[in-house]
Amino acid sequence: GDNNSSAFFQGEVLNKAFLCKAPGGDYGSPLYGAESVCPGGALNYDEMEAALLRDCKCRPAGLDYPGGFEGYNIFMLCIIWSLVMLMCFLGTRSLKYAVYITVPLPYVMLVLLFVRGVTLPGAEVGLRYYLQPDMSRLFFDKVDPETGEVSSAASVWLQACTQTFFSLSLGQGAMITYSSYNPPSFPITKNVLTIALINSGTEFFAGLVVFSILGYLSEVRGVPIDQVVAAGPGLVFEVMPTALALMPAPVVMSFFFFLMLLMLGLTSAVSLVEAANSILRDMLAALRPDHLANRILLSKLWVLPLVTCTFLFMFGVTMCRRSSSEAVDLVDYYISNFLLTLVGIAEFFVVGWVFGVRDFSTLMQHRLEWGVSPVLAACWRFFGPGILTVILLTGLVGAIRSPLVPETWAQAIGWTIGVGPLLVFLFIYFQYPKWYPSHQRPKRRLPLIEKLGE
């Protein structure tokens with residue numbers, strides 16, 4: 001049932017800590033009311049459930065109660081990164097076989113879940129909520145009547161922008177890295193339109209699946225649909241198991257569903273790691289052949305993936321504590337909402353102003369016989385970066401007014417993650433000519449561009 005899936009995910013997998021309070025009390029402090037007793041300190045999931053039955057209000061303990069490291073989660077994280085490292089060693093061969101599973105299986109699972117979801121009682125409530133959204137949220141802020149928290153309209157646009165960046169892998173280097181291996185005459189425009197349409201269509205169909213199940217859970221639990229479950233991993237590990245449990249052969253369906261998630265996660269991780277390794281190889285190639293970094297990291301093909309995966313594994317270990325979900329949310333929030341948006345603005349600026357639309361159009365005309373239209377050029381130079389900048393600034397104001405976490409030290413870490421990498425890049429970009437005078441950037445059009453433009 002849905003309660004069992006919630007208990008297993010939050011109680012067993014995350015071993016999450018909670019703080020509870022009685023009306024008029026403080027979270028984490030015991031208070032004896034007329035008919036309720038709320039225990040103090042950090043509680044586990046079962047203790048929190050018992051406190052709720054005594055009319056206590058509970059919330060996640062947060063980053064101030066990190067707890068100890070979860071050995072099981074560290075062990076599983078080690079296995080995952082070992083698989084990623086192995087796939088990086090094997091190269092594109094491993095991705096080729098993984099694609100045989102990751103491409104057809106999600107669509108098969110979505111169709112089966114959709115057929116089951118729309119037949120559940122309450123599904124029409126969820127579908128109506130999905131297909132008839134509150135359009136005022138795009139233009140007006142919303143105030144929670146219970147907590148007084150303000151959800152700004154700008155945050156809706158920022159989250160939509162974030163979703164687009166993540167679903168299309170924009171601003172992360174993976175698309176640029178893999179496209180660089182294509183032949184010069186590869187039909188870029190056709191593939192871009194195909195990918196965008198298939199991606200958006202899949203997301204829309206997946207929304208029908210999810211909200212039909214949320215409508216069912218809303219009716220079963222007797223709560224509004226927007227209070228059934230929070231966005232994020234809870235949708236996968238709490239909502240989907242409920243739907244899978246209602247299908248024929250639930251064990252088999254659950255196996256294939258989570259196998260699909262595992263393969264999707266592995267291929268995505270390999271894509272991002274390979275993008276990082278490709279950039280590092282290019283940077284190392286600019287160094288002297290006898291440089292220490294070259295002799296170590298480029299001595300064997302497996303050394304750089306080993307170092308990269310080990311570093312990322314160690315970073316992941318810091319999120320294997322009782323507060324892991326809050327730590328993941330912190331990193332995800334600042335990277336998704338700010339770092340990726342900044343990278344998107346930077347890419348618009350580089351293509352539209354540094355490299356130049358004219359030179360870019362000349363290359364496209366030479367390779368694909370496709371020129372950049374004035375409308376597209378205006379989007380790259382003005383509209384695209386302008387819209388992203390407005391969304392970013394409004395998001396910054398919202399994040400400052402209503403921080404994701406109350407802890408000041410956690411906010412400082414979040415802003416460092418969200419802005420720091422771009423500042424490091426800008427520092428390297430401007431210092432590079434001083435470090436390597438022999439690699440000066442050309443101050444005029446590249447010879448190839450001049451020749452093609454003649």
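The values are calculated or read from the model by the stated rules, or taken from the named source; none is laboratory data. All values derive from a computational prediction rather than experimental measurement. Note that each Cβ is placed from the backbone with ideal geometry, even for glycine, and that neighbours are counted across all protein chains shown. Just the protein is used for accessible areas: all its heavy atoms, side chains included, with ligands, DNA and RNA removed. Shrake-Rupley method; radii C 1.70, N 1.55, O 1.52, S 1.80 Å.
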Worksheet item: Label points 7 Å out from Cα along the Cβ direction at HIS366 and LEU138: separation in nm?
Response: 4.2 nm
Worksheet, complete the sentence: Taking a probe of 1.4 Å and leaving out DNA, RNA and ligands, the stretch 315-389 shows per residue an accessible area in Å² of 50 Å²
Worksheet, complete the sentence: Between PHE383 and VAL350, the FRET efficiency computed from the C-beta separation at R0 = 22 Å comes out, to the nearest 0.05, as 0.85
Worksheet, complete the sentence: The rounded separation in angstrom of the Cα centers of the stretch 332-362 and the stretch 384-412 is 19 Å
Fill in: Formal net charge of residues neighbouring LEU304 (Cβ-Cβ distance under 15 Å; K, R +1; D, E -1)
+1
Worksheet item: Quick one: net charge of LEU197's neighbours, Cβ under 15 Å, K/R +1, D/E -1?
Response: 0
Practice prompt. Figure the gain on full extension for VAL307 and TYR181 (residue separation times 0.36 nm, minus the Cα-Cα span) and round it to one decimal in nm.
Written response: 43.0 nm
Worksheet item: Stretch ALA293-ILE428 to full length: gain in nm at 0.36 nm per residue minus the Cα-Cα span?
Response: 46.9 nm
Worksheet entry | Heavy-atom accessible surface of the stretch 273-325: percent carbon and sulfur, 1.4 Å | 72 percent
Discussion item. I need the phi-derived Karplus couplings for the stretch 157-172: 6.51 cos²θ - 1.76 cosθ + 1.60, θ = phi - 60°, integer Hz, Gly and Pro marked x.
Written reply: 5, 5, 5, 5, 4, 4, 4, 5, 4, 6, 5, 9, 6, 7, x, 10
Worksheet entry | Candidates per GluC sites (Glu not before Pro) in the stretch 113-222, loop by DSSP, up to 15 other Cβ within 10 Å | GLU146, GLU149
Worksheet item: the stretch 165-224: which chymotrypsin sites (Phe, Trp or Tyr not before Pro) are DSSP loop and have at most 12 other beta-carbon atoms within 10 angstrom?
Response: TYR181
Practice prompt. Report, in cubic angstrom per residue, the convex hull volume of the C-alpha atoms of the stretch 88-215.
Written response: 173 Å³
Worksheet item: What's the long-distance tail for the stretch 326-434, i.e. % of Cα pairs beyond 17 Å?
Response: 63 percent
Discussion item. Quick check: at a probe of 1.4 Å, how many percent of the accessible area of the stretch 340-413 sits on carbon and sulfur atoms?
Written reply: 71 percent
Discussion item. In whole percent, and with a 1.4 Å probe on the protein chains, what portion of the accessible area of the stretch 126-227 is carbon and sulfur?
Written reply: 65 percent
Discussion item. Explain nothing, just the number: relative contact order of the stretch 186-303, from Cα pairs under 8 Å at least 6 residues apart, as a whole percent.
Written reply: 11 percent
Fill in: Relative contact order for the stretch 288-431, counting Cα pairs under 8 Å that sit 6 or more residues apart, in percent
28 percent
Worksheet entry | Loop sites in the stretch 283-391: trypsin sites (Lys or Arg not before Pro), DSSP, at most 10 other Cβ within 10 Å | LYS300
Fill in: Accessible area in square angstrom per residue, the stretch 115-173, 1.4 angstrom probe
65 Å²
Worksheet item: What's the local net charge at SER185, with K and R +1, D and E -1, over the other residues with C-beta under 15 Å away?
Response: +1
